[in-house]
Structure formats: C-alpha cells, structure tokens
1. Out of the strands (runs of 3 or more DSSP E) lying entirely within the stretch B:39-87, which hold 2 or more residues that are more than 14 Å from chain A (Cβ to nearest Cβ), touching a helix residue (DSSP H, G or I) at 6+ places or on another chain (Cβ under 9 Å) and closer than 22 Å to residue B:149 by Cα?
2. Just to verify a result, which residue in the stretch B:88-112, among those that are at the interface with another protein chain (Cβ under 8 Å from one of its Cβ atoms) and over 13 Å from the mean Cα position of the chain (by Cα), is surrounded by the fewest Cβ atoms within 10 Å (Cβ to Cβ)?
3. Could you tell me whether residue A:93 is modelled with pLDDT of 95 or more and more than 26 Å from residue B:127 (Cα to Cα)?
4. Would you point out which residue out of B:99, B:172 is farther than 23 Å from residue A:78 by Cα and modelled with pLDDT under 95?
5. What residue, of A:8, A:27, is within 10 Å of residue A:70 (Cα to Cα) and assigned to a loop (DSSP other than H, G, I, E, B)?
6. Residue A:85 fails exactly one of the following numbered conditions: (1) under 26 Å from residue B:75 (Cα atoms); (2) in contact (Cβ under 8 Å) with a residue 40 or more places away in the chain. What is the number of that condition?
7. Take the residues in the stretch A:113-130 that are surrounded by fewer than 24 Cβ atoms within 10 Å (Cβ to Cβ) and in contact with a helix residue (DSSP H, G or I) (Cβ under 7 Å, 6 or more places away or on another chain); name whichever of them is farthest from the other protein chains (Cβ to nearest Cβ).
C-alpha cells in the first residue's frame, strides 16, 4: 500500500517525522508530495529537512491508498494551490483514508469538506471548524468514516497507531472488495 | 489618539512596520501589545524585531481609539489566548476602528465576529471567512462599519492610508460626540 504525504515549507517537524517513520516501519511506501519535485522542505523548528519525492502534477489520488497531512505552517501554504486542494478532494470522494493532524485540517476546510463531519485539530482550528458547521471533539484521536484526525505533537503516538490500525484493517478486507472506488466504504 | 497593535511571534514584517510607521508619522501613539510585556517579537522574514510595550494584562480597549492587527503567523498564535480574543471583542463592541491585514482576520474569526460582516484577508483566509458566513471582497481595502481590512503586503500603502483617513475623520467629528461608548457609531 502506498501513502501520499502532502508537505510544504514550515511543517511541524515531528508531525511529519513520527507518522512517516511509523508508516514506513509498518511496511508502507510513503511518498512526500510537494508543490515542486525535489524541493527541499524544512520544518519550522529546524529539526527536519526532506525533499519532495514527487510534485503534485505527477500524482493522482488513484495512485495511493491513503493521504497524510502533517501540520505547522505547511497546510496553509499548500492550500493556496488549487491542485493540492483538488488532490485532497479526490481522496475523500473515493472514500480513502485521510489522516490530518494539528493545522492539517486547514486543507480539509479549503476542500469544503468539513461541514457535517466530526473531527479534531489544533485548538485555534477547532474553533474555525465549528464555525464552518463541523462537530469538533477535543480528544487525541477522532475517527469519522474515512478520516483520522489529531490535535498536536503530543497526540502523535496515538495518531500514528490509529493510521496503521486502519490501514491494516483496510488491507485485510475492504480493499479486496473494491474500496478505492466506493465513496464512504471505508469504515 | 492611541492605537493598540496586537503582535505575536512570526508576524509578517512589513505588515507591522509599514502601518506602524505611517500611524506614528501621522502623530498617533502606537502601543505594541504582546502576551508578555518586554518580550522580543520577531517577524518571520527576519527583518523586524520589536519589544512588546505592554502585556495584554495591562491594557483594556477603553484605553485606545483603534486596534491594528498585522498578519503572518502572529494572529494564529495570539488567538490561542482568550485575553487577546476578548480584547478584540471589546473594540468591536464599542464600535472602535479595527484594522486587520492578511491573516489578521483570524483574530476576528476567533472572536466570532465575522458572520454577516464584509471584509477581505489573505487568500486562504478569504475562503475560511466565506464558510463562516462573511461576505468577502478580493480587493486591496474593504471598509465595513468600523472595520478596515486588506489582503497582503502589496496592499499596505492603501491599507495605511485608509486607517489614517478614518482616524482623521473620527478625530474631527465622531469622537467629540462620544464615539468610544457608542457601538456602531463609527462610520
């Protein structure tokens, strides 16, 4: 299974590193998708640097089984780009797993997907989400259909475990029954 | 007349510097209000450093004639703090001028003031505002009752002029008729 991780400048260092490493340790390929292929992306805490494996022009959601959206300043930079927003929409339309942490849900907001959904986020984003008609829970991990969301770096262990658990469940069953093309089929 | 400028780490350098200098040149006192008095605040582009003149605990909206909210990462940091959000609410309740640029309207969002209002902001924030029930105009300066809003550094000359013009109008007339205590009295 392949995971797309959308990343821009100023990501929160651990919100990329921890789930990225956990997913790779669990045997998944994780592609870092940036605005430009090969661009060096830096975490705003100065601890992490990573090159984008592919540009947004080179990929489509159909190539991947799940989407990971780390937080920090990255999601607000990425959502300037309509291609990034459309990429997120495609994952949701096909019912594929979307995992977003901290400011990550700003991309879900930009894709106009949050109204009527249940999720969590960084505390300031929680309030934005409520004003857009989402149901917000202030807890480490919130699952709603194909979404897994978390609030902050302290939640990353639980966030990463929830993603791996969900992928393993998907791998064991739903994927074999045609999950990628069935909206809402992801439990 | 005294202006409060709320500022946190990672402000957009020019969005502080240009209106700050213009207001001082026009003869206004501008106090930089931070979470802590004396804290050194840095612009994210590394061009500006400024010490907070006062902490949010030392001030109330009644002490000031207008509020300036520069953008960058500063507004999202400030809105974590309920005292900052309450300070913004007090300005609006008393009908005093609020001038916000770029990500500055994130503080207006956090104060739950945007529904039904007309404003502009940084392009990603424009979309958030629309989803919260605001009317958004994509133009350099938008005036709505006591609010003046702009989108980005390129708008700063027009933004600064609009603030000075508004303060001069207020100084000439409305203020003498008791504007600070009359909600909505600002034209």
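1. Here the list reads B:66-69.
2. My answer is B:112.
3. no
4. Only one candidate passes the filter, namely B:172.
5. Residue meeting the stated conditions: A:8.
6. Going through (1) under 26 Å from residue B:75 (Cα atoms); (2) in contact (Cβ under 8 Å) with a residue 40 or more places away in the chain one by one, residue A:85 breaks only (2).
7. A:113
The values are calculated or read from the model by the stated rules, or taken from the named source; none is laboratory data. Quantities reported herein were computed from a predicted structural model and do not represent experimental measurements. Every residue, glycine among them, receives a Cβ derived from its backbone with ideal geometry; neighbour counts consider all protein chains shown.
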